[in-house]
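The values are calculated or read from the model by the stated rules, or taken from the named source; none is laboratory data. Small disclaimer: the values here were computed from a predicted structure and weren't measured. Note that each Cβ is placed from the backbone with ideal geometry, even for glycine, and that neighbours are counted across all protein chains shown.
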Amino acid sequence: MNTQEFLHSLSRSTGVSGHEYMYSKEIERVFHDFCDEVRSDELGNVIGIKKGNAENPKKVMLAAHMDEIGLMVKNIDEKGFISFVNIGGVDPRILLAQEVIVHGKEDLLGIIGAKPPHLQTENESNQAVKIEDLSIDVGLDYEKVKEIVSIGDTITFKAESKKLLNNYISGKSLDDRAGIIVIIECLKELKNFRHEADVFAVATVQEEVGLRGAIVSSYHINPDIGIAIDVCHGETPDASKEDTFSTGKGPVITLGPNIHPALSKKIREIANEYNIAYQTDVDPGNTGTDAWAIQVARSGIPTLLLSIPLRYMHTTVETLCFNDIKNAGRLLALFIQKLEGGLEELLCC
Amino acid sequence: MELLKKLTQTFGPSGNEEMVRELIIKEIRDFVDEINIDPLGNLITRKKGNGKKLMFAAHMDEIGLLVTYIDKDGFLRFSNIGGVSQYYSLFQKVMFKNGVVGVIGYNEKIENMKDLKLDKMYIDIGASNKEEAEKMVNIGDVACFLGEFHTNMNKVSSKALDDRIGCFILMEVIKSIQKHENDLYFVFTVQEELGLRGARTSAYSVDPDYAIAIDVTDTGDTPESKPMALKLGKGPAVKVKDSSIITHPFVRNLMIDTAKENNIPYQLEVLERGGTDSGAIHLTKGGIPSGVLSISTRYIHSPCEMVDMDDVKNGIKLLTLIAEKKL
Amino acid sequence: MLLKALTEANGVSGNERNVRELILNEIKNYCDQITVDSIGNIIAYKKGNGVDDKSIMLSSHMDEVGLIVTGITEAGFIKFKPVGGIDERILISKRVLIGEECIPGVIGIKAIHLQEPTERKNAVKIKNMYIDIGAKNKEDAEKKVSLGDFIAFDSEYIEFGHNMVKAKALDDRLGCAVLIEMLKEKYSFNLYACFTTQEEVGLRGAKVAAYTVKPDLALVVEGTTCSDVPGTEEYQYATRLGEGPAISIMDRASYSDRDLAMMLYHLGKKNHIKVQFKQTTFGGNDAGSILLTGIGVPTAAISVPCRYIHSPVSVMNKDDFEGCIKIVKLFLKELENKPIKKWEVIK
């Protein structure tokens, strides 16, 4: 299985929050290759279970979210232009001159255009646009649009994924398809090791709109350890060094109240032992990832967060270094392999 | 209509829903098999069946005001209960549970409407001083807005159509159901306006297979309104998304298909901001596929909300058919 | 003195270990079972008489607001972010303690002589602040301080004025002290005293503890805002110092069970203990998490007023604290052998 090619394929697939079923079968198929059992739950989370060899195996849950940010049809005006709302955090400024796909009864190409410069007032050209002032042009008249498009249809960004230099990849939705690939890389590695714990690989839904898939799947699975895999901000010239991480220098391990201190200590020890480069992030509160939901499921779950540095998050040109994904997958596999015996000693506060 | 009027005019801000609850129990007592009140005050009723568990939810509470301080001149300071708009509150009449009526005044000259703040308002119950006021009202007492019930052609306007209209619909569905295989739970929830609280705990108790909440939603059919596809009178709305939920395709399609099969007009709804009980229900335990039936309503959270009774009648019809359908 | 030891211990949200160990030591002889869960909550259980089968949860949080190390500059200065809600303006010119070894540091500011008049007008933002531990450079600093180390205010417990106490973390070590007192008595019902974690970053520990305990009823004991100071209108005071513990009616996270709240208030009045209602509805506490657990838990909150809360110099009145202890004791006694509101079957 060429995971880099699969990442390109996932990046091109479409499935906005709440509509992950549009492409989740692709993930189910791959999970089947590495897991003993694959199922999905009430909200559509895809869960692959790879059994461990202990008598009473502990449960480790890996979570990466399948959903991407996008848009949704709010209204169709009398000229056939479509107004829309955002699903998840969409920066309105990326919408100008953007190509989108409206998923109606059939997929339609749509253009979000901008008011021509010579018709703008001076103020307008300096201000960021607002979503409510934009509309999508599908090149059809009202009657035709109404036949194909309904209120509530989802809209995704049309974006090619590209290979850049040095194993860098750019595309839409690498947040968090990169995380899904990390999980697959981990499952791949685990095929070569004996591991005691049962691994629950979860492709979660609706993270971008409130960690919803993680809330219900962590309740349902009730693991002994939960590990979320998401993306974090990659360093760029216009962002402060304090809030960003270098791409290509390894995955990021988070410290802070959302993370179990014994687990973050152990995973860093393993990284050091096996010379896997990593970076450290400190988050004083809500990490904004599935980890925040998992930590307080039921009677509480010791949680870890592993992130891939990603430039230009929530744009159609998200960019990362694939080496970080491979290293993250390997680190996770080693961590799982080294979970032996009862976890009480490891986890005691 | 009498029932709807009584429902809307009953006192019941969040956390103080008991009078609404008593009214509902009296009305539907003979039409359900079980009636329970849970620790938070949710009214959980059941029409027993052997099939799948289907939970319907409408909230009993309305927005209101909580008295936090009585000054020496007898004026009452308050906090909001739920989303109270400062613009809708100016010079409105409010009523306490014991019937005392007051007016909301403003404690300084209003230069600019943009600066209007709730904490600069006070309730005037006509008391001359603190002692007189304390004979009528205490700290911790709660008031609802006064908003008479009127009908005009097909339209009804009143305070608290959010969500007494939902309660009304559920009560009518309870009375209309003929045969049903599903195990039906009709839950009248508390504290929705404070964050979908009653829905969360009642869904935990009931643990249904599917859920549908009935609540109000915004419209796009008034002058210069923001573009929104909903119009009064074009049918009850099947919600696709709001801030609290992206409805489950199975439940959404169930509602749409049932409407189509029975020639019931319906609209599709995408709401930018706002949440309903299903937002809490669908995230309970391991997840519960949920949807929402919305009644288009103008002027939500004002003392004169407005709905079209055709939408309501069609809503009742649609939900009754869904309740009777074997899932 | 217990409150002194409790407030001087460092336990910023996510790192409550020192406070937890102190409390475990204090309560070990009074409980039938003590568990510590994965997020660090202490759940201390006292069995009832076997006849009164209800379970009552008391809850106070062990964590305090503080800071966390997010970076070390080349010159050896420490960059940080706040943990929990802190008014940034109070940080300037304060002393702090970093990490397990309590490395002393100071949050300084450019001397006033070196500032432009315009600079002096603006509050300093956290991203421009730094802690000085006296390190020569980054390498030197890294010997003592690591990324992710928690930072607490350096502030002593001092009794002053007329029966006043100044300390950091009165919110909510005073609550912990009250709970410890309550554990010393016996009750007819099953009591769960929960010392929770991570309240300040989102009422996190309580959510988990309440799920484990699933009580029939809960009382939260907290420290709360007291804004009866110059610059506020009377109707904006949340509570008044010296007027007794404050009973919550409603806040952003919860609406107290009316019967429980009134019971607390009337117990105070009947027994001539000063008691007040909390006047504002801002903020939230662990009651918000507990109330929504399982099938729902009727919950109330009683708080001791603290001026300058969430700062190194919070101030409380000892009489208010004693009053709180008295009322909570009376409340628990009142509930003994009494049936409480549960699930009601009408039909």
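Numbers for the structure displayed
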{"read-out": "Pick from region C:123-174, criterion surrounded by 14 or more Cβ atoms within 10 Å (Cβ to Cβ) and at positive phi, ranking: farthest from the other protein chains (Cβ to nearest Cβ)", "value": "C:Asn163"}
{"read-out": "Given (1) within 14 Å of another protein chain (Cβ to nearest Cβ); (2) in a strand (DSSP E or B); (3) within 23 Å of A:Arg177 (Cβ to Cβ), index of the condition A:Val73 fails", "value": "(3)"}
{"read-out": "Selection count, region C:10-25, where residues are touching a residue at least 40 places away in the same chain (Cβ under 8 Å) and either surrounded by fewer than 19 Cβ atoms within 10 Å (Cβ to Cβ) or of a type in the set (Gly, Ala, Ser) (or both)", "value": "3"}
{"read-out": "Failed criterion for C:Leu219 (all others in (1) under 26 Å from C:Ile273 (Cβ atoms); (2) of a type outside the set (S, T, N, Q); (3) in a loop (DSSP other than H, G, I, E, B) hold)", "value": "(3)"}
{"read-out": "Condition check for C:Pro230: surrounded by fewer than 24 Cβ atoms within 10 Å (Cβ to Cβ), more than 27 Å from B:Leu196 (Cβ to Cβ) and either at pLDDT 95 or above or assigned by TED's automatic domain parsing to the domain that holds C:Leu174 (or both)", "value": "yes"}
{"read-out": "Residue in region C:254-277 that is within 9 Å of another protein chain (Cβ to nearest Cβ), of a type in the set (Phe, Trp, Tyr) and more than 20 Å from the chain's Cα centre (by Cα) present", "value": "yes"}
{"read-out": "Which numbered condition A:Met66 misses (of (1) among the aliphatic types (A, V, I, L, M); (2) in contact with a Phe, Trp or Tyr (Cβ under 7 Å, 6 or more places away or on another chain); (3) crowded, with 23+ Cβ neighbours inside 10 Å)", "value": "(2)"}
{"read-out": "Flag for A:Met1 being surrounded by fewer than 21 Cβ atoms within 10 Å (Cβ to Cβ), within 17 Å of A:Gly179 (Cβ to Cβ) and hydrophobic (A, V, I, L, M, F, W, C)", "value": "yes"}
{"read-out": "Total residues in region C:68-97, condition surrounded by fewer than 16 Cβ atoms within 10 Å (Cβ to Cβ), under 15 Å from C:Lys127 (Cα atoms) and of a type in the set (Lys, Arg)", "value": "1"}
{"read-out": "Any hit, region A:85-104, residues being β-branched (Val, Ile, Thr), in the same structural domain as A:Gly15 (by TED's automatic domain parsing), touching a residue at least 24 places away in the same chain (Cβ under 8 Å) and in a strand (DSSP E or B)", "value": "no"}
{"read-out": "Residue, nearest to B:Thr45 (Cα to Cα), within region C:333-347, restricted to residues that are more than 7 Å from every other protein chain (Cβ to nearest Cβ) and in contact with a strand residue (DSSP E or B) (Cβ under 9 Å, 6 or more places away or on another chain)", "value": "C:Ile340"}
{"read-out": "Hits in region A:164-210 - residues which are of a type in the set (D, E, K, R) and either in contact with a Pro (Cβ under 7 Å, 6 or more places away or on another chain) or free of Cβ contacts under 8 Å to residues at least 12 places away in the same chain (or both)", "value": "A:Glu196, A:Asp198"}
{"read-out": "Residues of region C:26-47 satisfying the condition of being in a loop (DSSP other than H, G, I, E, B) and surrounded by fewer than 24 Cβ atoms within 10 Å (Cβ to Cβ)", "value": "C:Lys28, C:Asn29, C:Tyr30, C:Cys31, C:Asp32, C:Asp37, C:Ser38, C:Lys47"}
{"read-out": "Residue list for region B:44-95, restricted to those being within 14 Å of the chain's Cα centre (by Cα) and either in a strand (DSSP E or B) or more than 26 Å from B:Ala160 (Cα to Cα) (or both)", "value": "B:Phe56, B:Ala57, B:Ala58, B:His59, B:Glu62, B:Gly64, B:Ile81"}
{"read-out": "Criterion (more than 20 Å from A:Val205 (Cβ to Cβ), within 12 Å of chain C (Cβ to nearest Cβ) and not hydroxyl-bearing (Ser, Thr, Tyr)) met by exactly one of A:Ala277, A:Ala262", "value": "A:Ala262"}
{"read-out": "Residue match in region C:97-112 (condition: in the same structural domain as C:Lys138 (by TED's automatic domain parsing), in contact with a helix residue (DSSP H, G or I) (Cβ under 9 Å, 6 or more places away or on another chain), farther than 25 Å from C:Asn41 by Cβ and not in a loop (DSSP other than H, G, I, E, B))", "value": "yes"}
{"read-out": "Options B:Gly274, B:Gly287; residue that is under 20 Å from B:Arg197 (Cα atoms), in a loop (DSSP other than H, G, I, E, B) and either at pLDDT below 95 or within 23 Å of the chain's Cα centre (by Cα) (or both)", "value": "B:Gly274"}
{"read-out": "Residue under evaluation C:Ala301, criteria (1) closer than 15 Å to C:Leu58 by Cα; (2) more than 14 Å from chain B (Cβ to nearest Cβ); (3) crowded, with 20+ Cβ neighbours inside 10 Å, criterion not met", "value": "(2)"}
{"read-out": "Qualifying residue in region B:214-231 (condition: touching a residue at least 12 places away in the same chain (Cβ under 8 Å), in a helix (DSSP H, G or I), of a type outside the set (Gly, Ala, Ser) and under 27 Å from B:Val84 (Cβ atoms))", "value": "no"}
{"read-out": "For B:Ala199: the one exception among (1) in a helix (DSSP H, G or I); (2) more than 13 Å from every other protein chain (Cβ to nearest Cβ); (3) in contact with a helix residue (DSSP H, G or I) (Cβ under 8 Å, 6 or more places away or on another chain)", "value": "(2)"}
{"read-out": "Residues located in region B:3-37, provided they are outside any helix (DSSP H, G or I) and either away from chain C (no Cβ under 14 Å) or within 17 Å of B:Ile63 (Cα to Cα) (or both)", "value": "B:Thr10, B:Phe11, B:Gly12, B:Pro13, B:Ser14, B:Gly15, B:Asn16, B:Glu17"}
{"read-out": "Residue within region C:17-27 that is of a type in the set (D, E, K, R), within 26 Å of C:Lys333 (Cβ to Cβ) and not assigned by TED's automatic domain parsing to the domain that holds C:Glu100 present", "value": "yes"}
{"read-out": "Set A:Glu132, A:Glu208, A:Glu147: member being under 23 Å from A:Ser17 (Cα atoms), outside the structural domain of A:His32 (by TED's automatic domain parsing) and either at pLDDT 95 or above or surrounded by fewer than 15 Cβ atoms within 10 Å (Cβ to Cβ) (or both)", "value": "A:Glu132"}
{"read-out": "Within region A:323-349, tally of residues that are more than 23 Å from A:Asn167 (Cβ to Cβ) and either part of a helix (DSSP H, G or I) or not basic (Lys, Arg) (or both)", "value": "14"}
{"read-out": "Restricting region C:284-296 to residues that are aliphatic (A, V, I, L, M) and under 17 Å from C:Arg204 (Cβ atoms), the residue that is nearest to the other protein chains (Cβ to nearest Cβ)", "value": "C:Leu292"}
{"read-out": "Yes/no for C:Thr293 being of a type in the set (Ser, Thr, Tyr), out of contact with any strand residue (DSSP E or B) (no Cβ under 6 Å at 6 or more places or on another chain) and under 20 Å from B:Asn138 (Cα atoms)", "value": "no"}
